[in-house]
Amino acid sequence: MEKERKRIGILFNFSPSWMGGVVYVMNIIKALDHLESEDKPVIFLFYNPNLERFVDEIDYPFLNRIPRQYPSVYKTFLQSFAKGKNMFVHDLIVDYALDAVFPLHDYPVKSKLDAKIVSWYADLQHKYYPEFFTRIKRIERDLRIRLILRNAKDLVVSSQAVKDDFHAFFKVPKKLNIHIYHFVSIIDEFPSGDFEPIRKQYNLPEDYFMISNQFHKHKNHKVAFQAIADLQKEGMKKNLVLTGKLPEDDDSDYVAELKKILADNDLQDRIFFLGVLPRDVQLAIMKNATAIVQPSLFEGWSTVIEDAKSLQVAVIASDLKVNREQLGPTGTYFEPHNAIHLAELMEMAQKPEGNLYEDYKVRVKKAAYELFAVFN
């Protein structure tokens, strides 16, 4: 007799522009598909309609797609305080007989339901780089965190580094279970076949490095631009391919700074802006790079590094605690403001022979059971 499957509600309500959150939720479902058949839960995906194009990409055998107009955060907080129920998820749990809900940011009050409500917080970047956030946003983030710590029983974070940050900046109650789930990049179809048509379509050079980040200041493209400029001054022509959407704000000081480095050092033929690409094209270009450069000043757990590990591509990363946790001895590291050091590493970099990282299927299955254990 088949055992009864767990019923897990997944909340999918991010801005489409925050690809980190979008990819995180999509990969949660895809990871669970790597469980043994008898362990796979029934998933109820409550998605904001503006994310429908991403939902359509998910193929999971026990998936219920449920469009939902998410209510106002402020209004739902007030309702939760007034009724003594977490109105963000209370009715969903009751109406769909859920055993668990994940990932939840908002925990205004304790829940009296039996379902396991699992909170999630990506990172505490605002504690390290408050200048990247408005004062209101910093207050909002701190309030959310303090309510999670007060009212939640389970919290998922992406790394030991983030867990350590929670203990460093907040008083974490003993009753709170902090689970570390090391996110793994799920690749539906690995790049194969001839790369030349893609190379010609995007006018790419034979050899190149790649950065695949959004253009936020903390992503620190600047150090890579300076490294390419330093190499060119020494007569070494290295190429850098960039994906991601440039900010639409023409007054962005950060983008202006990048453009100035580009113009002052005549790098127009060395740095390639490709914008937002289809996932299969992005992965093919990544797979054929000499190495991925991840120069970020702060990460909770890098999706780009996970992509590189799944594709067996070398990574040159900023020397952050979380990057070392993620890559270990397989990574090459530089001080994130030291363009000269990065240039030296790029000069010496070569494509690896054989596999750098643990087998993809082994990694994904381990991650699936690591995640599933949170709900048990």
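The values are calculated or read from the model by the stated rules, or taken from the named source; none is laboratory data. The structure displayed is predicted, hence computed values, not measured ones. Backbone-built Cβ (ideal geometry, glycine too); neighbour counts: all protein chains shown. Just so you know, the surface numbers come from the protein's heavy atoms only, side chains and all, with ligands and any DNA or RNA stripped out. Shrake-Rupley method; radii C 1.70, N 1.55, O 1.52, S 1.80 Å.
For a Förster distance of 41 Å, can you work out the FRET efficiency between the beta-carbons of Q312 and D264, rounded to the nearest 0.05? So, using R0 = 41 Å, E works out to roughly 0.70. Between amide H atoms placed 1.01 Å from N, distances below 5 Å from Q294 occur with I316, A317, S318, all of them 5 or more places distant or on a separate chain. An oblate overall shape is assigned to the stretch 160-227, the ratio a/c of its alpha-carbon gyration tensor axes (a ≥ b ≥ c) being 1.5 or greater and a/b not exceeding b/c. Taking 26 Å as the cut-off for C-alpha to C-alpha distance, list the pairs among K40/K171; K163/K219; K116/K175 that go past it. Cα-Cα > 26 Å for K40/K171; rest within. Between Y70 and D319, the contour length at 0.36 nm per residue exceeds the alpha carbon distance by 85.8 nm.
Label point 7 Å out from D114 along Cα-to-Cβ: which residues of the stretch 60-94 have amide N under 16 Å? Taking a point 7 Å out along Cα→Cβ of D114, the residues of the stretch 60-94 whose backbone N falls under 16 Å are 93-94. Based on Cα contacts under 8 Å between residues 6+ apart, the chain shows a relative contact order of 15 percent. For the chain, the dipole from Cβ point charges (+1 on Lys and Arg, -1 on Asp and Glu) about the Cα centre works out to 1780 debye, to the nearest 20. Extending 7 Å from the Cα toward the beta-carbon at both V22 and K366 defines two label points whose distance is 3.0 nm.
Shown in residue order for the stretch 113-119 are the 3J(HN,Hα) couplings computed by the Karplus curve 6.51 cos²θ - 1.76 cosθ + 1.60 at θ = phi - 60°: 7, 7, 4, 7, 9, 10, 7 Hz (x for Gly and Pro).
Accessible area ranking (1.4 Å probe, heavy atoms, ligands and nucleic acids excluded), largest first, for K40, K163, K171: K171, K163, K40.
Cα centroids of the stretch 210-243 and the stretch 79-125: how far apart, whole angstrom? What the calculation gives is 42 Å, centre to centre. Ranked by solvent-accessible area (1.4 Å probe, protein heavy atoms only, all chains present), the residues E36, E131 order from largest to smallest as E131, E36.
Return the FRET efficiency for the residue pair K137, Y202: r is the Cβ-Cβ distance, R0 is 30 Å, and the value is rounded to the nearest 0.05.
Given R0 = 30 Å and the Cβ-Cβ separation, E is 0.25.
Long hydrophobic helices in the chain, taken as whole DSSP H segments with a C-alpha length of 18 Å or more on their own axis and mean Kyte-Doolittle hydropathy at least 0.5: 19-32. With 0.36 nm allotted per residue and the present C-alpha distance subtracted, the F190-K83 stretch has 33.6 nm of extension available. Near T243: Cβ cut-off under 15 Å, other residues only, Lys/Arg at +1 and Asp/Glu at -1. The net charge is +3.
Sites listed here are GluC sites (Glu not before Pro) in the stretch 245-342 whose DSSP assignment is loop and whose Cβ has at most 14 other Cβ atoms within 10 Å: E248. Here the extension length gained between V94 and K237 equals 45.3 nm, from 0.36 nm per residue of separation less the Cα-Cα distance. Each residue, F62 and H167, gets one label point 7 Å from its Cα in the Cβ direction; the gap between the two is 3.5 nm. Take the alpha carbon atoms of the stretch 30-65, find their center, do the same for the stretch 250-307, and report the distance between the two centers in whole angstrom. Cα centroid of the stretch 30-65 versus Cα centroid of the stretch 250-307: 30 Å apart. Label-to-label distance, N376 versus Y129, with points set 7 angstrom from Cα along the beta-carbon direction: 3.8 nm.
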